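Step one of this worksheet: look at the structure below.
The values are calculated or read from the model by the stated rules, or taken from the named source; none is laboratory data. Just so it is clear, the model here is predicted, and its values are computed rather than measured. In this analysis, Cβ positions are derived from the backbone assuming ideal geometry, glycine residues included, and neighbour counts consider all displayed protein chains.
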Amino acid sequence: MTNSKSSTFICFSRILFRSVLTIKSLIIFTCIIKFSTYQIKNMNFFKRCLPFSCTVFKFTEKQYHAFRSMSMVVADLPKPIPIRKNKSQFNKVKPIVDFRSVKVQGGKGGDGCISLRRLCKNPLGGPDGGDGGNGGHVTFKATSNKTSLEHISSVLKAEDGEKGINRDCHGKNAEHLVVEVPVGTMFKSTGGEILADLNEDGAVFIAARGGSGGKGNHYFATDVNQAPEIAEYGATGEELSYTIEIRTIAHVGLIGLPNAGKSTFLRAISRARPKVAPYPFTTLQPHVGVVKYDDLQQVTVADIPGLVAGAHRNRGLGIAFLRHIERCLCLLYVVDTSLPEPWQQLEVLRYELGQYDKNLLGRPSGVLANKMDLVQSKENLNELELYVNKINLPLFPVSAQDSVGILPILHYVRKLYDNSRMKEGSDENVE
């Protein structure tokens, strides 16, 4: 009798346990469905829906919209990886430096030594002065670990060779100065002639050769003069000047007038932290952010300082800013749609690019209609779309501040990147 009661109790407990698990699974499944469909307005959603404390989930509304838009599935396209990790709180933000004028100088060779051996058992030992060591070269080496030229000083000098000493001891050769630069760095003379292009990882350019060491007096011994008291000075190294430029600073460049929202958009799609403020020319140097995709591919996007009308005449540092644009493979025009007649901004940008270099207008491009969270932007969007259709460019309405409309742009950026790589591969095959 006891065994039957115990077996009945065990069966009942199993049924009850299974029912509890089923109820828990239903609750969790319901919470997942609610999270994917419900538009979160109260950020305490997890605490209300889940039966346990969820202090781990501290999403803001902006982070949620960005996470949801970047996690959408699009067929046959790599998905951008959402930014989950908080950005660094380090105050100093380093912009990318893509142009540098440097003066390089090779090391001086060591002087030769004048010495005559005088020993107690060999008072006329003859000359024993050693040769001086060679000076070091100044060399540049391309590496994929560098993305900027900010670490290069304006003056680079290699070490000098050591002097020779007596007893036929030669001086030590100096070590070469090796400076790492990004892959795709070009070296130009003061006249603008391209002297070297380091387009492969590991490529080396000898910018300045060091001087050779001087000969000691043992070198000048002859049958006639067996005790010469002359030696050579070490030769001085080469001293040259170069302008160093990076051929490509980013795959995609963001172009726009001041306060168009370029820096805010770069903050929304990457971990870059360019300065954002409500006044023009907050960005004076390009900042580069990285967009990562789930196929382990990374696309770099550069925030180019704002252009103004007359930039090709160097108004508002226009030539320096246009030089940055020249080093981007693809272009995205950022337009402030809240301003009246926003298509005029696009006209100014394309006119300045055409005046600087007509080839820039032929690069793959797109238009970002920014600040769509404002009422004025929605009214101006239709007219802007008509103008963009005339010049045959794609238009992407976006609100960089609220991270709305990010996903279509990131997919388009990936298409531009893939097309540029295919084009580079075809050019290499032709060569």
How many residues does the range 153-183 contain that are closer than 30 Å to Val301 by Cα, at pLDDT 90 or above and among the hydrophobic types (A, V, I, L, M, F, W, C)? 3
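Considering only strands (runs of 3 or more DSSP E) fully contained in the range 197-293, which possess at least 1 residues that are modelled with pLDDT of 85 or more and of a type in the set (Ser, Thr, Tyr)? So that I can check it myself, show each step before the final result.
Values: elements: 204-208, 239-246, 250-255, 287-292.
Where strands (runs of 3 or more DSSP E) fall fully within the range 197-293 and carry at least 1 residues being modelled with pLDDT of 85 or more and of a type in the set (Ser, Thr, Tyr), they are 239-246.
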Breaking point among (1) touching a Leu at 6+ places or on another chain (Cβ under 9 Å); (2) within 18 Å of Ile246 (Cα to Cα), for Ala208: (2)
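Somewhere in the range 201-224, is a residue in contact with a strand residue (DSSP E or B) (Cβ under 9 Å, 6 or more places away or on another chain) and either of a type in the set (Lys, Arg) or farther than 30 Å from Gly133 by Cβ (or both)? It would help to see each step written out before you state the result.
Here is the first cut: in the range 201-224, the ones in contact with a strand residue (DSSP E or B) (Cβ under 9 Å, 6 or more places away or on another chain) are 201-210, 216-221.
Narrowing the set further to residues that are either of a type in the set (Lys, Arg) or farther than 30 Å from Gly133 by Cβ (or both) leaves 201, 209.
Yes, there is a match, as at least one residue in the range 201-224 is in contact with a strand residue (DSSP E or B) (Cβ under 9 Å, 6 or more places away or on another chain) and either of a type in the set (Lys, Arg) or farther than 30 Å from Gly133 by Cβ (or both).
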Filter the range 367-409 for residues that are among the hydroxyl-bearing types (Ser, Thr, Tyr) and at pLDDT below 85; the one that is nearest to Arg350 (Cα to Cα) is Ser377
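May I ask you to list the residues in the range 347-369 that are hydrophobic (A, V, I, L, M, F, W, C) and surrounded by fewer than 22 Cβ atoms within 10 Å (Cβ to Cβ)? Walk me through how you get there before you give the answer.
Going through the range 347-369, the residues hydrophobic (A, V, I, L, M, F, W, C) turn out to be 348-349, 353, 360-361, 367-369.
Within the range 347-369, Val348, Leu360, Leu361 meet the criteria.
Residues Leu156, Leu119, Leu149: which one is part of a strand (DSSP E or B) and assigned by the TED database to the domain that holds Asp197? Before you say what the answer is, go through the steps one by one.
Values: Leu119 fails: part of a strand (DSSP E or B); Leu149 fails: part of a strand (DSSP E or B).
Within the list Leu156, Leu119, Leu149, the selection yields Leu156.
In the range 245-287, which residue that is within 30 Å of Ala196 (Cα to Cα) and surrounded by fewer than 23 Cβ atoms within 10 Å (Cβ to Cβ) is farthest from the chain's Cα centre (by Cα)?
Taking the range 245-287 and keeping what is within 30 Å of Ala196 (Cα to Cα), we get 245-255, 284-287.
Cutting the leftovers down to surrounded by fewer than 23 Cβ atoms within 10 Å (Cβ to Cβ) gives us 245, 247-248, 251, 284-285.
Values: Glu245: 14, Arg247: 12, Thr248: 9, His251: 9, Leu284: 16, Gln285: 13 Å.
Ranking the candidates gives Leu284 first.
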